[in-house]
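The values are calculated or read from the model by the stated rules, or taken from the named source; none is laboratory data. Computed from a prediction, not measured in an experiment: that's the story for all the values here. With ideal geometry, Cβ positions are generated from the backbone for all residues, glycine too; neighbour counts draw on all protein chains shown. Ligands, DNA and RNA are stripped out before the accessible areas are found, and what is left, the full protein with its side chains, is counted by its heavy atoms. Shrake-Rupley method; radii C 1.70, N 1.55, O 1.52, S 1.80 Å.
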Amino acid sequence: MMDERRRSHYLAAMGVTLWTLRDVQDRPALAGTVALEATYMPGSPARLRGEPGPDAMMPPVDPPGVPVAAETPPPEKTGVSDPAQMDWDQLEAAVAGCRACGLCDTRTNTVFGDGNRRARLMVIGEAPGADEDRAGVPFVGRAGQLLNRMLAAIGYPRESVYIANVLKCRPPGNRDPRPEESLRCQGFLARQVQLIRPGAILAVGRIAAQHLLQTDESVGRLRGRWLELGPDRIPVRVTYHPAYLLRSPEQKAKVWDDLTLVRRRLDASSG
Ligand code: SF4
């Protein structure tokens, strides 16, 4: 349970001086776990099979007819063609040499992922920006620093979590990833999730949430409920991207709600 000292620390880290903590247990939208059945496998898009509530199932979403696995990692570089079969070294080499979509022509560096490969918490964002493209590391720059402070405030400093993006290469001008780019790249992220098998995933921002959950719902609608990803039913919490928080600091209290619930979930599952 978060205490007042930790809350104050978080508020200071986030630059929030005045707000009122709501009891999430009293909020109907947050009171229960939303049962979604999603399958997110390398080489195929995530498939959302459920709608919030155990009795309101959606039909499966058919994956677009884009060949993904066959085009993703170059076999001659790794000796393994399917990301689902790769170990960490093979996967990292496959990403570094990948030319499966046009972003390979404009990137400076691929951005594989960063952090603890045995993490209990995995953070998934959208795509590298200019700073990340230069550094080859996800979530650097001002948004990355804010994310670091947010994570530290709930007792999960950056080095304890694993951070990755949906796309491993920067879209020019920081435009949104195109569907075909996400499709061609998704096998890498799926394998990272498989290898780590985190206790929870924090999806930050609209693009990451919509890609993982194969939905076009807004972050505002996806927040406030637990979702589940893949055959391992990894709990997923959606929250706002730290870059958005830099522009809209009034949303920081909502992110605190989200992070608090992630922390509680991880605490409960480690007991
Ligand atoms: S974004 Fe992904 S699929 Fe496209 S070139 Fe980079 S690693 Fe390959």
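Rounded to the nearest 0.05, the FRET efficiency derived from the C-beta distance between Ala130 and Asp87 at R0 = 35 Å is 0.70.
Cα gyration tensor of the range 180-271, axes a ≥ b ≥ c as square roots of the eigenvalues: rounded (a/c below 1.5), prolate (a/b > b/c) or oblate? It comes out oblate by the Cα gyration axes. Across all directions, the average flat footprint of the convex hull enclosing the Cα atoms of the range 117-208 is 5.7 nm².
Taking the 1.4 Å solvent-accessible surface of the range 163-271 as the whole, the part contributed by carbon and sulfur is 44%. Once you reduce the range 87-142 and the range 190-259 to the center of their Cα atoms, the two points are 18 Å from each other. Distant-in-sequence amide contacts of Trp226, defined by a placed amide H-H separation under 5 Å and a gap of 5 or more residues or a different chain, comprise Val34.
Couplings 3J(HN,Hα) of the range 203-209, computed from phi: 8, 9, x, 5, 4, 4, 5 Hz, in residue order, whole Hz [Karplus 6.51 cos²θ - 1.76 cosθ + 1.60, θ = phi - 60°; x for Gly and Pro].
Our coupling estimate for the range 230-245, obtained by passing each phi through the Karplus curve with A = 6.51, B = -1.76, C = 1.60 and θ = phi - 60°, is x, x, 7, 6, 6, x, 10, 10, 9, 8, 6, 6, x, 5, 5, 5 Hz, Gly and Pro reported as x.
Ranking request for peptides 174-181, 92-99: highest mean number of other beta-carbon atoms within 10 Å first, then the rest in descending order.
Listed from highest to lowest mean packing, they are 92-99, 174-181.
Based on protein heavy atoms only, the range 73-210 ends up with 38 Å² per residue of surface accessible to a 1.4 Å probe.
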